[in-house]
Amino acid sequence: MQIDNINFNNKKVIIRVDFNVPLNKDLKVTDDTRIKAAIPTIKKVIADGGTAILMSHLGRPKGKEEKYSLKNIVYKVEEDLGRPITFVNDCIGDSVKNIVKKSEKGDVILLENLRFYVEEKNGDIKFAKALSELADFYINDAFGTAHRAHASTSVIAQFFPNDKCFGYLIEKEILSVDKVLNSTEKPLTAIVGGAKVSSKITIIEKLIDKVDNLIIGGGMAYTFIKAQGGKIGNSLVEDDYLKLALKIMEKAKKNHVNFLLPTDTIIADDFNNNANTEIVNITNIPNGWMGLDIGEKSIALFNETILNSKLILWNGPMGVFEMEAFQKGTVAVAKALAKATENGAFSLVGGGDSVAAINKFDLGNKVSHVSTGGGAMLEYLEGKQLPGIAAILN
């Protein structure tokens, strides 16, 4: 059942959104990407004449903690939605039921942080049932938590056997990943960066069966370089993964995958923005120095591949982009992605750091899709069944 084919008139609709947004020390929202991503689904429900009951978690509270209360984000939700909402300082119980009962068509209600109850993370069926009693219909639009078997993301769905669907956000997430994994368009390029090979092994192995080009950047590149006998100085390395790195390269060769590693790197004599820097061949980093970004030659090599691609998946930065001295490679990849998209390619960006990078450089609206779920997107790409997705489909 697709959201566009449903009329929510007179329905109380409970929507699992992902409002787990970053807050500063004054408890103000610093990035409302996730809130904005849920707005189309909320608007559809209220435009039809339904009541939207929003539920989410925020942070990792231990019991009820004021700093994790969703009341802190009400102002931002109202701003992005363009209308007032009702905040309820609990998510289950009679007081919540009464407020929902008295609500009218077009009302939006935000429940308190689900994780103030341990039952949420434990996937407790009674807690899920108590949430379900607030509504006639269930929508899951929280892709960021779809890989968790929590009460509000998967357990609750069983109480709505014929009255459940995905919101627009999850629909788009699934379509985007499926397009990358199952399209016949070529060439397909995956750019995998980030600190560690260990955290990306499954995804790399899965991609080698699908892609034409695999670009490796970030801290993980040095493990591949060392595995081939290169000198990497004090760069980040996972010595336990050297053999596996060689195996991956061997598999890529066997599958005729163009496996691209950086050829040059910006090195520093300390892990800080004001360190002394040099550009050297990536296989010859002196002791006492560490690679913290890719160099100009690598940027040119990667850009050429990206601009000649029809489908592009980007997961993980090319360097320590949080520091201005080492953000050049990540900026270059983001810009190349934007240009390739403008030229007709389909580009999918996912994984916390890549999303942070593309937003930091204001290029999020220049790519085809920016995924809101880092871990969820990776697990979906890896071919794992996500509990939050399965609960709607079954």
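Each reported figure results from applying straightforward, stated rules to the coordinates on display, with no laboratory input. This one's a predicted model, so the numbers in the text were calculated from it and none came from an experiment. As a convention, Cβ positions derive from the backbone with ideal geometry for all residues, glycine included, and neighbour counts pool all protein chains shown.
Contour minus end-to-end for Thr283 and Asn89, with contour as 0.36 nm per residue of separation and end-to-end as the Cα-Cα distance?
Between Thr283 and Asn89, full extension yields an extra 64.1 nm.
Calculated FRET efficiency, Lys243 and Asn5, Cβ-Cβ r, R0 45 Å, to nearest 0.05?
Values: r = 51 Å, r/R0 = 1.14.
The value I calculate is 0.30.
Can you put Asp4, Asp124 in order of Cβ neighbours within 10 angstrom, beginning with the fewest?
Lowest count first: Asp4, Asp124.
Quote to one decimal, in nm, the extra length available between Lys254 and Lys126 on full extension: 0.36 nm per residue of separation minus the C-alpha distance between them.
Between Lys254 and Lys126, full extension yields 40.9 nm more.
Could you work out [θ]222 nm for the chain from helices alone, using -39500 (n - 2.57) per DSSP H run of at least four and dividing by all its residues? Round to the nearest 500 deg cm²/dmol.
Computed ellipticity for the chain at 222 nm equals -10000 deg cm²/dmol.
What is the order of Ser56, Ser69, Ser154, Ser235, fewest Cβ neighbours within 10 Å to most?
Fewest-to-most Cβ neighbours within 10 Å comes out as Ser69, Ser235, Ser154, Ser56.
Asp163 label point, 7 Å along Cα→Cβ, cut-off 12 Å on backbone N: hits in segment 1-18?
What the label zone holds, given the 12 Å backbone N cut-off, is 8-14.
Is the shape of segment 71-113 best called rounded, prolate or oblate, per the rule: a/c under 1.5 gives rounded, else a/b larger than b/c gives prolate, else oblate, with a ≥ b ≥ c the square roots of the Cα gyration tensor eigenvalues?
Oblate shape, in that a/c is at least 1.5 and b/c is the bigger or equal ratio.
Would you work out if the chain is rounded, prolate or oblate? Take a ≥ b ≥ c from the square roots of the eigenvalues of the alpha-carbon gyration tensor; rounded if a/c is under 1.5, else prolate when a/b is larger than b/c, oblate otherwise.
Note, shape of the chain comes out prolate.
In nm, to one decimal, how far is the Lys196 label point from the Lys179 one, both placed 7 Å along Cα→Cβ?
For the pair Lys196/Lys179, the computed spacing is 3.2 nm.
Taking the number of other C-beta atoms within 10 Å as the exposure measure, put Thr223, Thr202 in order starting with the fewest.
Details: Thr223 23, Thr202 14.
Ordered by Cβ neighbours within 10 Å, fewest first: Thr202, Thr223.
What is the gain in length, in nm to one decimal, between Gln385 and Glu66 on full extension, counting 0.36 nm per residue of separation less the C-alpha to C-alpha distance?
111.4 nm
Modelling each spin label as a point 7 Å along the Cα-to-Cβ direction, I'd like the Glu324/Lys297 distance in nm, to one decimal.
2.9 nm
Kirkwood Rh over alpha-carbon pairs of segment 3-166, then Stokes-Einstein at 25 °C and 0.890 mPa s: what D in µm² s⁻¹, rounded to an integer?
158 µm²/s
So which helices of the chain fit the span-like rule, where a helix is a whole DSSP H run, its Cα atoms reach 15 Å or more along the axis, and its mean Kyte-Doolittle is at least 0.5?
33-47
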